[in-house]
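Asks: Sharing a structure here in structure tokens format.
Taken together, the values in this text are just the output of simple stated rules run on the coordinates, not laboratory data. Keep in mind it's a predicted model, so treat the numbers as computed, not measured. In this analysis, Cβ positions are derived from the backbone assuming ideal geometry, glycine residues included, and neighbour counts consider all displayed protein chains.
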Amino acid sequence: MLMEYRRELARGAELAGEVLGVPDSDALLLKATDGREHRIRLNGIDAPELQQPFGKESQELLQQLLRGRKLRVVTQGEDRAGQIIGDVFVRLAERQDEKLLNVELVERGWAWHFVRFAKDNRQLSEAEQRARAGRLGLWAEAGPVSPWDFRRQQAEAVKSGEPGTKPGQ
């Protein structure tokens, strides 16, 4: 039933609700005002995997930013895993305008602009440039490994049978 409902969500549809959890550093679980639960992947960004440097810190920042807040999500589609891809808007302080959380994470240096899926997103591109220039978050380290390179390296290591790379090790 949930999958049927998701297919009915047109690009640009809006969901509102509260956060139930933050399973990783660029996704959240939303309980919508209609009572339905959705996994939302932040559109146009990729944050460190939990197993890589800065992964836990990125997840903790996302949890901190979302704690006790109501959200508005503008849907942008669905990924291969069935997650809703969305632009997430949140008020980070009382009497403040909504901020686009996707941009906020990149601007603070805890996520990359995921050019492969949002190449024309100028807000994300400029946010990443500012974070790099200011050596913020993961940019404080020289040469942080992007999540897509990390995932590729992990897949290659598993394929080659390197010790410690198989599930459960």
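Asks: Calculate how steeply helix 55-66 sits against the longest principal axis of the alpha-carbon atoms of the chain, using the helix alpha-carbon long axis, and give the answer as 0 to 90 degrees to the nearest 10.
Replies: 10 degrees
Asks: At a threshold of 8 angstrom on Cα-Cα distance, excluding pairs fewer than six apart, so keeping six or more, what relative contact order does the range 24-160 reach in percent?
Replies: 23 percent
Asks: To continue, here is another question. Among Leu62, Ala93, Gln76, flag the residue with its Cα farthest along the positive direction of the charge dipole of the range 59-130, charges on Cβ as +1 for Lys/Arg and -1 for Asp/Glu.
Replies: Ala93
Asks: If you take the beta carbon distance between Arg67 and Ala10 as r and set R0 to 30 Å, what does 1/(1 + (r/R0)^6) give as a FRET efficiency, to the nearest 0.05?
Replies: Given R0 = 30 Å and the Cβ-Cβ separation, E is 0.50.
Asks: Moving on to the next point. Taking Cα centroids, how far is the range 46-95 from the range 130-163 in Å?
Replies: The distance from the Cα centre of the range 46-95 to that of the range 130-163 comes to 19 Å.
Asks: For helix 147-160, report the angle its Cα long axis makes with the longest principal axis of the Cα atoms of the chain; keep it between 0 and 90° and round to the nearest 10°.
Replies: The angle comes out near 50 degrees.
Asks: Which trypsin sites (Lys or Arg not before Pro) in the range 89-124 pass both tests, a DSSP loop state and at most 14 other beta-carbon atoms within 10 Å?
Replies: Arg91, Arg95, Lys119
Asks: Round to the nearest 10 and give me the degree value, 0 to 90, for the angle of helix 122-133's Cα axis relative to the longest principal axis of the chain.
Replies: That works out to roughly 50 degrees.
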